[in-house]
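Student: Before I ask anything, here is the structure I am working with.
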Amino acid sequence: MKRIGVLTSGGDAPGMNAAVRAVVRKAIFHDIEVFGIYQGYQGLMNGKIEKLELGSVGDIIHRGGTILQSARCDEFKTKAGQQQGIEQLRAHQIEGLVVIGGDGSYRGAKALTELGFPCIGIPGTIDNDIPGTDFTIGFDTAMNTVLDVIDKIRDTATSHERTFVIEVMGRGAGDLALWTGLAGGAETIIIPEEKFEMKDIVDRLKKGNERGKKHSIIIVAEGVMSGVEFASKVQAETNFETRASVLGHMQRGGSPTAADRVLASRFGARAVELLLDGKGGRAVGIKENHLIDYDIVEALTSEHQLNLKLYDLSKELSI
Ligand code: ADP
């Protein structure tokens, strides 16, 4: 293999740049040329492809977002779209592709591999919802962003003796809500994976109030209910002054944490090694702190497992 490509696709995540940098530097280290494909699969179809040099990825390891930009492209879900992408790759004599993104992006990588073009998937999403890996790039940074907000809200919640509902990202997966709720000492964490009874939540809030608790923090994953709706339900049932904070897209931005930069660097380098070994249709991941790779189909057909032990622990610690 003499030439590879790299693209970022789907929702962006902090640390994607560090992964792009790792792919480029690792490849050049092995005398392989690297081409950046801009705007995901859309740019692939349109031939937005440029050669990347060592300097092209200088000064990006600390930057959020993705210098390659990202896009969503429905046309690429069709065979014709995928063929057009492969033609572009062949025209540039690119022989393998690294795709950094979430499960939608993985589907594209799988499709290309099945059409005879080897692709490797790197999990990049703040949702941490890719099956087969303990962590995805961007999750740690997003967690720290949310945690910073929880800590700040705690200050004002204490001063005013208020209940706060904080809505965090996570449509199908509650990882961000769970981990930040535990780290931020939230009283209640509401995630899509676990049913909840409003009555239990109200009882807990009332008990806390009786023993003199000055404030309460509830973390809600957006996939369960909007934070505003949840807050109005809580206020109606408790009569406690309740405020909602919806964090939104700020959770996707910011400079990646050390953990995300290291993870992205390891993933990027492993992806290049796999292509050099002539492998395609693999996803890289981390399990119990060991770097792994596995069939990308596995990432698309198995279910993401939330760490439910953390959920139980959060309940025990927030009595
Ligand atoms: P994410 O990668 O963050 O999950 P999306 O689900 O939006 O984001 O997917 C990103 C892009 O991947 C889509 O816009 C589309 O171009 C491509 N994609 C998604 N599903 C498929 C599919 N079944 N086949 C081919 N490409 C796909």
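The values are calculated or read from the model by the stated rules, or taken from the named source; none is laboratory data. Everything numeric in this text was worked out from a predicted model, so none of it was measured. Because the Cβ atoms are built from the backbone with ideal geometry, glycine has one as well, and the counts that use them run over all protein chains shown. Just so you know, the surface numbers come from the protein's heavy atoms only, side chains and all, with ligands and any DNA or RNA stripped out. Shrake-Rupley method; radii C 1.70, N 1.55, O 1.52, S 1.80 Å.
Student: Surrounded by 17 or more Cβ atoms within 10 Å (Cβ to Cβ) and under 24 Å from residue 109 (Cα atoms), is that true of residue 275?
Tutor: In short, yes.
Student: Run residue 138 past the list (1) within 14 Å of the ligand (Cβ to nearest atom); (2) on the phi > 0 side of the Ramachandran plot; (3) surrounded by fewer than 20 Cβ atoms within 10 Å (Cβ to Cβ) and report the number of the one that doesn't hold.
Tutor: Exception for residue 138: condition (3).
Student: In the stretch 114-129, how many are within 11 Å of the ligand (Cβ to nearest atom) and either among the acidic types (Asp, Glu) or open to solvent by 10 Å² or more (accessible area, probe 1.4 Å) (or both)?
Tutor: Residues flagged as within 11 Å of the ligand (Cβ to nearest atom) and either among the acidic types (Asp, Glu) or open to solvent by 10 Å² or more (accessible area, probe 1.4 Å) (or both) within the stretch 114-129 amount to 5.
Student: Out of everything in the stretch 93-113 that is more than 12 Å from the ligand (Cβ to nearest atom) and crowded, with 24+ Cβ neighbours inside 10 Å, what residue ends up being farthest from residue 16 (Cα to Cα)?
Tutor: Looking at residues that are more than 12 Å from the ligand (Cβ to nearest atom) and crowded, with 24+ Cβ neighbours inside 10 Å, I get 96.
Student: Identify the residue in the stretch 131-156 that is outside any helix (DSSP H, G or I) and touching a Gly at 6+ places or on another chain (Cβ under 7 Å) and, among all such residues, is farthest from residue 284 (Cα to Cα).
Tutor: Taking the stretch 131-156 first, the residues outside any helix (DSSP H, G or I) are 131-138.
If we keep only those that are touching a Gly at 6+ places or on another chain (Cβ under 7 Å) as well, we get 132-133, 136-138.
Values: 132: 9, 133: 8, 136: 10, 137: 11, 138: 15 Å.
Only one residue tops the list, namely 138.
Student: Can you go through 36, 11, 55 and tell me which one is within 16 Å of the ligand (Cβ to nearest atom) and out of contact with any Pro (no Cβ under 7 Å at 6 or more places or on another chain)? Explain how you work it out, then say what you get.
Tutor: Values: 36 fails: within 16 Å of the ligand (Cβ to nearest atom); 55 fails: within 16 Å of the ligand (Cβ to nearest atom).
Being within 16 Å of the ligand (Cβ to nearest atom) and out of contact with any Pro (no Cβ under 7 Å at 6 or more places or on another chain) holds for just one of 36, 11, 55, which is 11.
Student: Read through the list (1) open to solvent by less than 50 Å² (accessible area, probe 1.4 Å); (2) over 23 Å from the mean Cα position of the chain (by Cα); (3) farther than 16 Å from residue 250 by Cα, then give the number of the only condition that residue 159 fails.
Tutor: Failed condition: (1).
Student: To continue, here is another question. On the basis of being part of a helix (DSSP H, G or I) and either surrounded by 24 or more Cβ atoms within 10 Å (Cβ to Cβ) or touching a helix residue (DSSP H, G or I) at 6+ places or on another chain (Cβ under 9 Å) (or both), does residue 90 make the cut?
Tutor: The answer is no for residue 90.
Student: Quick test of your reading of the structure: residue 211 fulfils all but one of (1) open to solvent by 70 Å² or more (accessible area, probe 1.4 Å); (2) in contact (Cβ under 8 Å) with a residue 40 or more places away in the chain; (3) of a type in the set (Lys, Arg). Name the failing condition by number.
Tutor: The failed condition is (2).
Student: Still on this model: Looking at (1) open to solvent by 50 Å² or more (accessible area, probe 1.4 Å); (2) touching a helix residue (DSSP H, G or I) at 6+ places or on another chain (Cβ under 7 Å), find the lone condition where residue 245 falls short.
Tutor: Of (1) open to solvent by 50 Å² or more (accessible area, probe 1.4 Å); (2) touching a helix residue (DSSP H, G or I) at 6+ places or on another chain (Cβ under 7 Å), only one is false for residue 245: (1).
Student: Here's something else I'd like to know. For residue 75, are the conditions met, namely being near the ligand (Cβ under 9 Å from one of its atoms), charged (D, E, K, R) and either without any contact (Cβ under 8 Å) to a residue 40 or more places away in the chain or open to solvent by 70 Å² or more (accessible area, probe 1.4 Å) (or both)? Let's see the steps before the verdict.
Tutor: Details: near the ligand (Cβ under 9 Å from one of its atoms): yes; charged (D, E, K, R): yes; either without any contact (Cβ under 8 Å) to a residue 40 or more places away in the chain or open to solvent by 70 Å² or more (accessible area, probe 1.4 Å) (or both): yes.
Yes, satisfied.
Student: Residues in the stretch 47-59: is at least one open to solvent by 20 Å² or more (accessible area, probe 1.4 Å), farther than 23 Å from residue 264 by Cα, touching a residue at least 40 places away in the same chain (Cβ under 8 Å) and not acidic (Asp, Glu)?
Tutor: Yes, that holds for at least one residue.
Student: Listed residues 132, 81; which is within 11 Å of the ligand (Cβ to nearest atom) and either in contact (Cβ under 8 Å) with a residue 12 or more places away in the chain or in contact with a His (Cβ under 6 Å, 6 or more places away or on another chain) (or both)?
Tutor: Checking each option against the conditions leaves just 81.
Student: For the stretch 220-319, which fully contained strands (runs of 3 or more DSSP E) count at least 3 residues that are among the aromatic types (Phe, Trp, Tyr)?
Tutor: No strands (runs of 3 or more DSSP E) qualify here.
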